[in-house]
Amino acid sequence: MFKKRYFSVYKDFKTSLLSKLLFIIGGFLLGVFLFLKISSMVISSESTGFIGDLYTLSCSTLPDTILAFSIIFIAIGFIFYFFYRQFVKLAKIADEIENSEEIEADEEKT
C-alpha cells in the first residue's frame, strides 16, 4: 500500500514568504526612485558637495534602472502571490477529498 504524503501549503512551498519579500524589496526600490526624482526637482544644478552629487545621480539613468527593477520585483511578487493562493485552494480541495474518503470509509465499516 502507498504511504500518504501530506504537503502543507503553509510550510512547504514558501511562496507566501517569497511574495512578501519581493513586495518589500520592490516597494523599497520604488521609494528610492521617488526620493531621487523628487530630490532632482528640489535641488538646483548649481549645488555642490553631497547635494550636487545627489543631483547628478538623480539626473543619470540610475533612477530609471531602479524603477525597472522595482517593477520586476513587484511583478514577480504578484506571480508568487498568485501561486500561493492557488496552493491554498488546492490544499482546501485536497482536505475536502480526504475528509469525504474518511467518511466513506467509516460508513463502510459500520
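Within 10 Å of each residue's Cβ, count the other Cβ atoms and sort V32, V42 from fewest upward.
The fewest-first ordering by Cβ neighbours comes to V42, V32.
With 10 angstrom as the radius, rank L54, L29 by how many other C-beta atoms surround their C-beta, starting from the fewest.
Fewest-to-most ranking of L54, L29: L54, L29.
Output wanted: per-residue J couplings in Hz (rounded whole) for the stretch 67-72, from phi through Karplus 6.51 cos²θ - 1.76 cosθ + 1.60, θ = phi - 60°, x for Gly and Pro.
5, 4, 5, 4, 4, 5
Calculate one ³J(HN,Hα) per residue across the stretch 17-32 by plugging θ = phi - 60° into the Karplus curve 6.51 cos²θ - 1.76 cosθ + 1.60, and present them in order as whole Hz with x for glycine and proline.
These are the phi-based 3J(HN,Hα) values: 4, 5, 5, 5, 5, 5, 5, 5, 4, x, x, 5, 5, 5, x, 5 Hz.
Any idea which of F23, S40, F83 is furthest toward the positive side of the dipole for the stretch 15-109, if Lys and Arg beta-carbons carry +1 and Asp and Glu beta-carbons -1?
S40
Bear in mind that the values in this text are calculations on the coordinates, not laboratory data. Here the structure is a predicted model, which means the values were calculated and not measured. Neighbour counts run over all protein chains shown; Cβ positions are idealised from the backbone, glycine included.
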